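Written out below as structure tokens is the structure these notes cover.
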Amino acid sequence: MKLSDGAMAALDHGGSLGRASALFPHAPQPFVDLSTGINPHSYPLFEVPATTLSRLPETARARELAEVAARAYGAPSAAHVAAAPGTQILLPRVASLVSSGKALVFGPTYAEHKRAAAIAGHAAAEVDDFEALAGADLAIVVNPNNPDGRVVERGRLLDLAGKLRGRGGLLVVDEAFMDVGPRAESLAGDVGSGNIVVLRSFGKFFGLAGLRLGFALADTLTVERLEAQLGPWAVAGPALDYGIRALADTDWQTTMRLRLAQDAARLDALFGRFDVPVAGGTTLFRYLRLTDAAGLFSALGERGVLLRHFADRPQVLRCGLPGSDEEWQRLESALADWAARRDDSAKEIAR
């Protein structure tokens, strides 16, 4: 299958301050970047040994990371865990686990899954009917979903996996935000049955996206295939050190989940004050749906507050969590200015 330029082109994502500066050249700096779903309260930084940078990563450390990740995510064992420099690099590799055919992505959702499936040679499409996924060779579900936070129950996913198994199909569940989702709905513990691959992101919940660390959880043969494609030393030494410590730090994780829930409730209340409807999300991001989404995006951007907009969904926005009192204040001030202009405009129309 020959890919079009559009299929190969990089997609627009949140988190690009260069793009934001070009779009809002007169905005006050630095930007309050709320365009990603990355935790603004990162795992505490610590010094790594000099040898972590000067030597190739040790195989024993990679095994230790797999063991810690298996416990943290609920995979059957370390043999069911393939570690990689971020989940993004895994997407086309996982899509290539089945022969080229029909790939269906339960959408609307993270656009990279469709693109990665096309790169792997599939005829890829998004569908909004969950039942339609049963007719795919490769079915992809983001759970909880990005950007609206939709959750598909584990039982429905296992039923889908069973239907796909009967025809040689593969179910991929991207659980990038399951650290702050209903973890009972995770399929991490079910990957041993085959034809299920679960993707887990380290950087989002732990707030260390630049570290580039992610995991594929799958049956042992699939893990071996993925590791063979990734090759030796796939995960850098600093990522190994941070992954091992952070994934084992259950006290930090418990405290952080509570903090994020409180911050998300605070954000909902702030939007509520200005009559901005929150339609969903997770505790790492909120999903906004309103008629004047484009106007709100532009008004806040001009004030140096960056939300995530979607060219194909002009009435929705995604907003991450402010990370400091100053960022909260700048968001509140920008919302107040926007709301005042909106209300003045409504009064003029009413006259």
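When residue 114 is tested against (1) open to solvent by 70 Å² or more (accessible area, probe 1.4 Å); (2) within 24 Å of the chain's Cα centre (by Cα); (3) in contact (Cβ under 8 Å) with a residue 60 or more places away in the chain, only condition (3) is not met. The helices (runs of 4 or more DSSP H) falling completely within segment 40-106 that include 2 or more residues that are over 20 Å from residue 220 (Cβ atoms) and open to solvent by 20 Å² or more (accessible area, probe 1.4 Å) map to 50-54. Against the list (1) closer than 24 Å to residue 109 by Cβ; (2) surrounded by fewer than 12 Cβ atoms within 10 Å (Cβ to Cβ), the condition residue 325 fails is (1). Would a scan of segment 291-299 turn up a residue that is assigned to a loop (DSSP other than H, G, I, E, B), among the hydroxyl-bearing types (Ser, Thr, Tyr) and over 22 Å from the mean Cα position of the chain (by Cα)? Yes.
Give me the pairs: first residue in segment 80-105 and at pLDDT 95 or above, second residue polar (S, T, N, Q), beta-carbon distance under 7 Å, and six or more apart or on different chains, which are they? Short answer, once both residue conditions are applied: 80/220; 87/201; 93/229; 97/222. Criterion applied to 172, 142, 152 was being buried (at least 22 other Cβ atoms within 10 Å of the Cβ), hydrophobic (A, V, I, L, M, F, W, C) and in contact with a Phe, Trp or Tyr (Cβ under 9 Å, 6 or more places away or on another chain), and the one residue passing it is 142.
Of the helices (runs of 4 or more DSSP H) that lie entirely inside segment 170-286, those containing 3 or more residues that are farther than 24 Å from residue 47 by Cβ span 220-230, 250-273. The residues listed here are 308, 289; of these, the one that is in contact with a Lys or Arg (Cβ under 7 Å, 6 or more places away or on another chain) and modelled with pLDDT of 95 or more is 308.
The values are calculated or read from the model by the stated rules, or taken from the named source; none is laboratory data. Every value quoted in this text rests on a predicted model; they were computed, and no experiment measured them. Because the Cβ atoms are built from the backbone with ideal geometry, glycine has one as well, and the counts that use them run over all protein chains shown. Accessible surface is based on the protein model in full, side chains and every heavy atom, while ligands, DNA and RNA are left aside. Shrake-Rupley method; radii C 1.70, N 1.55, O 1.52, S 1.80 Å.
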